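Values quoted throughout were computed directly from the atomic coordinates according to the rules given, and no laboratory measurement underlies them. Everything quoted here is computed from the prediction, not taken from an experiment. Note that we place each Cβ from the backbone using ideal geometry, even for glycine, and neighbour counts take in every protein chain shown.
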Amino acid sequence: MINFKKVNVKKYELYNNDIKITDIELLSSTVTNKYYIVTNFIEKMSERSVEFTDWFSDFMTKFVGSEYHDKFNLVKDNTDNMKLYVDEYIDGLEVDFSKFVDESKSKKSTILFYKEEIEKIIRLSGYLKLYSIISNSENLKFDQKAHKDIYNTLSYEIIENQIIYKIYNVIKTKTYRYNLTDKYMWEYIKSVQCKDMDVHVVEIFNFIMNSILIICEEDRNPITYFLGVAEESIKWLLRSAYKSTVIYSDTISTEDIQSSNIDNLKTYSYNDTLGNLKGIAYKQLYQLFEDSNILIFEDEKDKDAMRDSDNRIVEVQNRIMSINHISPLCECIVFPLLSKLTSIPYNHFKTLSPEQSAVLSLYVQGLMRKVFKNDYKNLVNLLGYYPDNQAALVTTYKLKTMSEFVNLSQDVNNFFGFKTKIILGQMLSYFVGRVSRMTFFNMVDGKSLGGIPLSKVEQETIQLFISWFSNKLEPEFAKMKEILEEDFL
């Protein structure tokens, strides 16, 4: 039986039973870091097939004893045998590759890998595992030209079936998601390191095809693995750039920070918290696109649709970045609520830009939907919109459902210490009046809000703030805080 003896991290000995075939001096590579995946795969193949054991032992013995030019011909002549034995082993495992694909969720704008294509990728990974005994060994490897020839021979199936093109587009799409939150950092990397997103896509694609593909496991979804590797590489690149250029990462700047009445250390802490919250909000936003466009991977014919999806993500980012006015809902709902949940003073929120305020509004919208479900749904829906004009400073609007306000407020003894209901009534009239005179546009699709359901918004505003000011929403706020804290983990 074929077995490997580990001498140290970068050296193994290859045996057939007790007969040593050769030493394997590994390269410094990702494959070396997880070489146990390769050795386990070959040893399990040997356990299942005596014929494979005899062939592999004979093949490696001849390879070690041959001259360089004969080594290349030997490998080329045995590529069919490599495929044959790996295919027999994979067939024997009876892996259900359909579990990696849910075609029922497939949409026009997604990239779908069919189960047959997933299977081809897994089989190629097995071929490359056998070949990696040579390709990942300092003392056995070929030059680049010969290596490329053998690699292309082994990977012919996925090249001819355009599977490799799908893998590239999945990686590209995943990378382009990060243009949402780190657009300017990508621009910095491009100007300083002469490396733009397209270059990074090619680099990570080559890395996956040359290293990660080899260490895929036969009972796991390789596409999920590729996406994880792509995401980690992007995070590492951006994190490295941040560390070398800024002291406080993921912060939201405030104007005139040195003249703030708050101690600077607290200000930096507030900025860091809000910066992280902004990043979480953006991440959740483009996760919605990712769930609908990349969880299921689509056919080649829909590559144009996928590019349209990428363009849509960039459009959403650009739309939010171009917002010029802060919604009254931010001032009256988003900022007070986040102030309560994070203990950041309300005045600190007033220094935020319209773009930052809009992103936090989307985050609060998600929080309220999770906790309140269908309650206040019209008011919560407005949190996903931004105004295209400045909110009025003065309004003469009076609550139309004053009777409801009075009836609800009768059950409450006080509002944060105020026994009178007049102050709250004036506040609510001012808020609803400002909202009523604005034109709103959806942050995601850019469509204008056809008409504000003012009577419902007014009714929900009364219900929300009377409950809020009378401390009846403390259990709900506690749940929101719990969700927020989990998002920071």
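Please express the shape of the range 2-234 as an equivalent ellipsoid: the semi-axes are the square roots of 5 times the eigenvalues of the C-alpha gyration tensor, given largest first in whole angstrom. List each step's numbers first, then the result.
Values: eigenvalues 226, 96, 48 Å².
In descending order the semi-axes read 34, 22, 15 Å.
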Contour minus Cα-Cα span, S49 to D219, at 0.36 nm per residue, comes to 59.3 nm
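Between V7 and Y268, take the C-beta separation as r, use R0 = 41 Å, and let me know the FRET efficiency to the nearest 0.05.
Values: r = 51 Å, r/R0 = 1.24.
Computed FRET efficiency for V7 and Y268 comes out at 0.20.
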Ordered by fewest other Cβ atoms within 10 Å, a rough proxy for footprinting exposure, L14, L154 read L154, L14
Per the 1/(1 + (r/R0)^6) rule, R0 = 56 Å and r from the Cβ atoms of A478 and F207, FRET efficiency to 0.05 is 0.80
Here FRET efficiency (C-beta to C-beta, N161 to V199, R₀ 25 Å, nearest 0.05) is 0.40
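Starting from the Cα-Cα distance between E67 and K350, subtract it from 0.36 nm times their residue separation and give me the gain in nm to one decimal.
Values: separation 283, 0.36 × 283 = 101.88 nm, distance 7.51 nm.
Stretched fully, the E67-K350 segment lengthens by 94.4 nm.
Run the numbers for L449 and D375: contour at 0.36 nm per residue of separation, minus the present Cα-Cα distance, in nm. Display every interim value, and only then the final one.
On the way: separation 74, 0.36 × 74 = 26.64 nm, distance 2.02 nm.
Working it through step by step, the gained length comes to 24.6 nm.
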